[in-house]
Amino acid sequence: MTTPTPRTRAIAVAEAKPALPRHIKLRHDAGRGRWIILAPERVFEPDDTAVEVLKLCDGERTVHDIAAQLAKDYNAPIMEIEGDIVQMVQDLADKGVLRL
Amino acid sequence: MNEIEPVVAEGAHSSSSGAEGAQTSPRIAEGAQAWPRADHSTEPACGRAPMGLLAELTYRCPLQCPYCSNPLEMDKPSTELSTAEWQRVFKEAAELGILQLHLSGGEPTARKDLEELVKTASQSGMYTNLITAGVLLTKDRLKALQDAGLDHLQLSIQDVDEANAEKISAYKGGLAKKRELCGWMHALGMPLTVNAPIHRANIENLPAIVEFAVAMGANRLEVAHVQYYAWALKNRAALMPTREQMMKTVEIVDAAKEKYKGIMVFDFVVPDYYASRPKPCMGGWGRGSMNITPSGRVLPCHAAESIPGLEFDNVRNKSLSDIWLTGQAFEKYRGTSWMKEPCRSCDRREIDWGGCRCQAMMMTGDPTNVDPACGLSPRHAEFVALATAESHVTTPPPFVYRRLGGTVG
Ligand code: SF4
Ligand code: SF4
């Protein structure tokens, strides 16, 4: 008998350190000229913004760090970006594409 | 963010032909954006390059599920493609642009060379998914598959009631082996999908099936109402649930999705006998994916061999890209030009692609007719009446078990 794994929903906050689990792959699909996420039985097509965020999801940077980085790159207000990223990270965590 | 794949693999165990999840998922980070955003107008480039390949490595299987999607007449083990042949096919597949490879069967772990095949596929850059009933795997073998680069495993279960599972699969002790396998998966940190084909004989256990998947640590659960082709069609009267039972599963899955949000992802495949519009079978004929049988025939979908007038190429004689681009069987029903009314002038013709050709064939004798699962089909009422009548028979007929080399139950 396998011990049931304790399981809870991960909640995205500014201090969360998102990362792609080993079985989720962010890949550049050269043939089609775009980035894709390969997941069990699914292929997602992240938009450019999502790709920028995902590339920074290394399990070390926090959501806040990622927002700060992108705020600098895009010369945009960090508060706004951070809110977007929290939402995106939550959405992807719920889809099983990111772990926090 | 768009989801661009017909999502559920057409594995023998899953008996599915596309899930509800195939719609576009809500785009991430909605709302006002001051910083640059992509325009989302890019057309998914799945038009001419396939994204998914279902490789049926063998039809050998220790189980005998009466809803198996393998054909009634199965390729003999002696005709199976060799290791080198599959390896060549996988390299060609990756070059053709295939992103996801589903290793299926029969029972794919019955192939002794599975590790080698996974390794080649994974090195060619494809996402590798093993679709298995799990009873032949050992811990060492699982580890070897992981080392070979296996990305994901999909475990089919027949039921969580042991006696009933044994009755459905005509195989003893399967559930205990599956539990053990889940434990190894967990220990190795491998991602797990549980696939539960749902039908009259296990539908009442759906709540327990959901709890089983959670307890086993599954990342995903596919609740896949059996699709009535091949063995399932033969056993339809023994498997078809009532409409009320089907509706109840919708409620159960909706509630479970909410309850396990962020914990387990659900895919839900509904039986189209009770739908008013058909599913986009395979995401459209020859549009996004293909199947290869154990002896190398390349099919636009599982059940394509039930349609007369199609010529199936074999990977032994032709390259995969030739077969995909110009093969007669792929060209025949690709796109919309083969359609008749009501599909031809319907505004859903590029959404569901007229549904399933095999089902149209089965019901009307003409594969170019509209799928009877569609409410606009003149045969729809009859189609629904069939299911309704069968599902209400008090004592369903006994199963005709899936057996190699013979359809005798
Ligand atoms: S008999 Fe059952 S376990 Fe074997 S391939 Fe068919 S559905 Fe899968
Ligand atoms: S008429 Fe044809 S295209 Fe229109 S919804 Fe029905 S099956 Fe789909």
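The values are calculated or read from the model by the stated rules, or taken from the named source; none is laboratory data. Values in this document were obtained by computation on a predicted structure and should not be read as measured data. Here the Cβ positions follow ideal geometry from the backbone for every residue, glycine too, while neighbour counts run over all protein chains shown.
Some points to look at:
Results for (1) at pLDDT 95 or above; (2) within 16 Å of ligand 2 (Cβ to nearest atom); (3) among the aliphatic types (A, V, I, L, M), shown as yes or no for each residue.
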| residue | (1), (2), (3) |
| --- | --- |
| B:Ala55 | yes, no, yes |
| B:Arg60 | no, no, no |
| B:Ser69 | no, no, no |
| B:Leu72 | no, no, yes |
| B:Thr79 | no, no, no |
| B:Val89 | yes, no, yes |
| B:Leu96 | no, no, yes |
| B:Gly105 | no, no, no |
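- Scanning the range B:271-294 for residues that are within 14 Å of ligand 2 (Cβ to nearest atom), of a type outside the set (Ser, Thr, Tyr), more than 19 Å from B:Asp313 (Cβ to Cβ) and away from every other protein chain (no Cβ under 14 Å) gives B:Asp272, B:Ala275, B:Arg277, B:Pro278, B:Lys279, B:Pro280, B:Cys281, B:Gly284.
- Within the range A:73-97, tally of residues that are under 15 Å from A:Glu15 (Cβ atoms) and either touching a Leu at 6+ places or on another chain (Cβ under 8 Å) or facing chain B (nearest Cβ under 7 Å) (or both): 3
- Lone unmet requirement of (1) buried (at least 20 other Cβ atoms within 10 Å of the Cβ); (2) assigned to a helix (DSSP H, G or I); (3) touching a strand residue (DSSP E or B) at 6+ places or on another chain (Cβ under 9 Å) for B:His186: (1)
- Test result for B:Phe330, surrounded by fewer than 22 Cβ atoms within 10 Å (Cβ to Cβ), of a type in the set (Phe, Trp, Tyr) and either under 30 Å from B:Arg111 (Cα atoms) or touching a strand residue (DSSP E or B) at 6+ places or on another chain (Cβ under 8 Å) (or both): no
- Index of the failed condition, B:Ser377 passing every other in (1) hydroxyl-bearing (Ser, Thr, Tyr); (2) within 11 Å of ligand 2 (Cβ to nearest atom); (3) part of a helix (DSSP H, G or I): (3)
- Count of the range B:102-144 residues which are within 16 Å of ligand 1 (Cβ to nearest atom) and outside any loop (DSSP other than H, G, I, E, B): 11
- Per-region count, the range B:266-285, residues more than 17 Å from the chain's Cα centre (by Cα) and hydrophobic (A, V, I, L, M, F, W, C): 1
- Residue in the range B:145-163 that is part of a helix (DSSP H, G or I), touching a Phe, Trp or Tyr at 6+ places or on another chain (Cβ under 8 Å) and not polar (S, T, N, Q) present: no
Okay, residues lined up against (1) more than 14 Å from chain A (Cβ to nearest Cβ); (2) away from ligand 2 (no atom under 11 Å from the Cβ); (3) over 28 Å from B:Pro66 (Cβ atoms); (4) under 21 Å from the mean Cα position of the chain (by Cα):
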{"residue": "B:Asp322", "(1), (2), (3), (4)": "yes, yes, yes, no"}
{"residue": "B:Gln328", "(1), (2), (3), (4)": "yes, yes, yes, no"}
{"residue": "B:Gly335", "(1), (2), (3), (4)": "yes, yes, yes, no"}
{"residue": "B:Cys346", "(1), (2), (3), (4)": "yes, no, yes, no"}
{"residue": "B:Gly355", "(1), (2), (3), (4)": "yes, no, no, yes"}
{"residue": "B:Met362", "(1), (2), (3), (4)": "yes, yes, no, yes"}
{"residue": "B:Val384", "(1), (2), (3), (4)": "yes, yes, no, no"}
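- In the range B:139-184, the residues that are of a type in the set (Val, Ile, Thr), in contact with a Pro (Cβ under 9 Å, 6 or more places away or on another chain) and farther than 25 Å from B:Asp113 by Cα: B:Ile168
- From the list B:Asp272, B:Asp267, the lone residue that is modelled with pLDDT under 95, more than 18 Å from B:Glu56 (Cβ to Cβ) and touching a Gly at 6+ places or on another chain (Cβ under 6 Å) is B:Asp267.
- Test: residue in the range B:255-269 that is in a helix (DSSP H, G or I) and away from chain A (no Cβ under 14 Å): yes
- Single unsatisfied condition, B:Val194 versus (1) surrounded by fewer than 20 Cβ atoms within 10 Å (Cβ to Cβ); (2) within 14 Å of chain A (Cβ to nearest Cβ); (3) not aromatic (Phe, Trp, Tyr): (1)
- Only a single item in (1) at the interface with chain B (Cβ under 10 Å from one of its Cβ atoms); (2) closer than 26 Å to B:Ala218 by Cβ; (3) surrounded by fewer than 19 Cβ atoms within 10 Å (Cβ to Cβ); (4) hydrophobic (A, V, I, L, M, F, W, C) is not met by A:Ile24, and it is number (3).
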